[in-house]
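Asks: My structure is below; once you've seen it, I'll send some questions.
What follows draws every value from the coordinates through simple rules; no lab data is involved. Please read all numbers here as calculations on a predicted model, not as lab measurements. Every residue, glycine among them, receives a Cβ derived from its backbone with ideal geometry; neighbour counts consider all protein chains shown.
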């Protein structure tokens, strides 16, 4: 454990030493950030430079009334109002401040809902694993948030959002303007942000810190996914280092490319591929990153003892508490109503109702098709598969939820439930990868399907101006073939980048801090050996494998 702490401190120290280098790069290559999805309303020209506002007292004003709705006054009209009607201008300041305040409250409440999903993940993963490892699985779900938040605060948030620029949340987010770019083919390719390390300097602002809370719970969702796929044999000290690494580097870099104004988001502006890679709430940015990381980790870690016969035939290792897993699934379902609608970052965006209904319809469609698939193929419905089908539908609709109609949402969910089942069997029987909870399939496979579904079913009723591209978002079935191509690129880049980085990371880490517990500990159970407590001390839960 001491060695693990030393390595962890070394990582943090090296990160701190790189900050001056990153800031120097930012000074040389700082650029006004391209607007990331969702689009921001055009602000009125500022009379003086924007400054951080830690108290929030000066955030929001008359300028935030411009573009707030279809009938909102223009910037020229506001200038005339300021000259001729000073009292009306004061009222406009109040309206603008309240508009930003509504965005803050909406974003924070939705962030709290997403945070509560951590309890859902803990219950799902613990219920689907064995009793002798229940405390260890719970510990990973608790501490991944602890490690992840600290790592994301150190540098993850800056790398992801440091160049995003003004967004729909409003206020000081316009201060996040420094993106490290490379110039290729006559175009700028954003790689990572360089503003916001330690939430200090100009990032000590009410708007920027509010956005941090919402983004950090999304990061935590991605980080916690591998804890299910790698459960029941993962050493806690290597898990701790993983928690910092994915939060500080892997997740933020890909998230920047899609959500932070990075190069994938600008494929539309630079190369005419629709609106660039779109992922409204994170099918790829959150779930596919977590699922692909889980695949890489599970391959390096290897299967649990007793999972496969000598001839490679898989054996079932039942979870110890299916009711707990189902409760966790329902908690996740509830939290998803913050996950998807909250990604508007604007309480005044009335698309939130459609987003919420699409989320619900896709989830139940996924559960129905997964249940039907197993029932038809094996003669009986399977409750655990039905639960995973529900989550599969939720994952798949997360990217296209704002861009599709209800029919498209149901189709996306139905397909997600079936491909989730097929993927679970493929991963286990063909790849010989042991995933106790089905996380690779639910989050990885269905996360990829979410991007593809957006590229197919976006109906052209939403998204005008996203990523600096005029017009609404249309998928292949509505005449937007280039948007479909962009989404395919997003899927491919995600898999190649995340799998390569995480596979190498796990391989190297295993040489330094072993990933896997000893066979004796695995057979006895990880609870007492790894986290010094047992989940069920009054029961004899020892098994032969």
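Asks: Quick one: angle between helix 75-84 and the longest Cα principal axis of the chain, in degrees between 0 and 90, rounded to 10, please.
Replies: Helix 75-84 sits at roughly 50 degrees to that axis.
Asks: Counting only C-alpha contacts under 8 Å and six or more residues apart, can you give the relative contact order of the stretch 98-531 as a whole percent? Intermediate values should be presented prior to the final figure.
Replies: On the way: 973 pairs, mean separation 96.9, N = 434.
Relative contact order here is 22 percent.
Asks: Nearest 10 degrees, 0 to 90: what angle lies between the long axis of helix 322-339 and the longest principal axis of the chain (Cα atoms)?
Replies: Compared with the principal axis, the helix lies near 10 degrees.
Asks: Cut-off is 10 Å between beta-carbons; in what order do 220, 93 appear when sorted fewest neighbours first? Intermediate values should be presented prior to the final figure.
Replies: Values: 220 28, 93 16.
Starting with the residue having the fewest Cβ neighbours, the order is 93, 220.
Asks: How big is the stretch 383-423 by the Kirkwood estimate over distinct Cα pairs, in Å? Intermediate results must be reported in sequence, preceding the final value.
Replies: On the way: mean 1/r = 0.0988 Å⁻¹.
After inverting the mean inverse Cα-Cα distance, the result is 10.1 Å.
Asks: Mean 1/r over all different Cα pairs, inverted: what Kirkwood radius does the stretch 54-170 give, in Å? Please list the in-between numbers first.
Replies: On the way: mean 1/r = 0.0554 Å⁻¹.
Its Kirkwood hydrodynamic radius stands at 18.1 Å.
Asks: Here is a follow-up. Given R₀ = 25 Å, what would the calculated FRET efficiency be for residue 330 paired with residue 536, taking r from the Cβ atoms and rounding to 0.05?
Replies: Working: r = 23 Å, r/R0 = 0.92.
After rounding to 0.05, the efficiency reads 0.65.
Asks: By how many nm would the segment from residue 422 to residue 507 grow when fully extended, if each residue of separation counts as 0.36 nm and the alpha-carbon distance is taken off?
Replies: Details: separation 85, 0.36 × 85 = 30.60 nm, distance 2.82 nm.
Here the answer is 27.8 nm.
Asks: Please determine, in degrees from 0 to 90 and to the nearest 10, the orientation of helix 236-245 with respect to the longest principal axis defined by the Cα atoms of the chain, where the helix direction is its Cα long axis.
Replies: With rounding to tens, the tilt is 20 degrees.
Asks: Normalise the Debye intensity by I(0) for the chain, one equal point scatterer per Cα, no solvent, then take log10 at q = 0.06, 0.07, 0.08 Å⁻¹ and round to two decimals.
Replies: Computed log10 I(q)/I(0) values: -0.29, -0.39, -0.51.
Asks: While we're here: Could you list 401, 155 in order of exposure, starting from the residue whose Cβ has the fewest other Cβ atoms within 10 Å?
Replies: Values: 401 31, 155 26.
Going from sparsest to densest Cβ surroundings: 155, 401.
Asks: Continuing with the same structure: Pairs of alpha-carbon atoms within less than 8 angstrom and 6+ residues apart define the contacts here; what relative contact order does the stretch 406-545 have, in percent? Before the final figure, lay out each step's value.
Replies: Details: 109 pairs, mean separation 18.7, N = 140.
Result for the stretch 406-545 is 13 percent.
Asks: How do 240-247, 348-355, 75-82 rank on mean C-beta neighbours within 10 Å, highest first? Write out the running numbers ahead of the final one.
Replies: On the way: 240-247: 25.4, 348-355: 17.1, 75-82: 14.6.
Highest to lowest by the protection proxy: 240-247, 348-355, 75-82.
Asks: If neighbour count is taken as other Cβ atoms inside 10 Å, put 429, 130 in order from fewest to most. Can you show the working numbers first?
Replies: Values: 429 13, 130 22.
Taking fewest neighbouring Cβ atoms as first place, the list is 429, 130.
Asks: Per residue, how big is the convex hull of the stretch 326-433 when only Cα atoms are used? Give it in Å³. Before the final figure, lay out the partial values.
Replies: On the way: hull volume 10.4 nm³, N = 108.
Value for the stretch 326-433: 96 Å³ per residue.
Asks: If the chain between residue 313 and residue 72 were fully stretched, how many nm would it gain, using 0.36 nm times the residue separation less the Cα-Cα distance? Let's see the in-between values first.
Replies: Numbers: separation 241, 0.36 × 241 = 86.76 nm, distance 6.49 nm.
Roughly 80.3 nm would be gained on extension.
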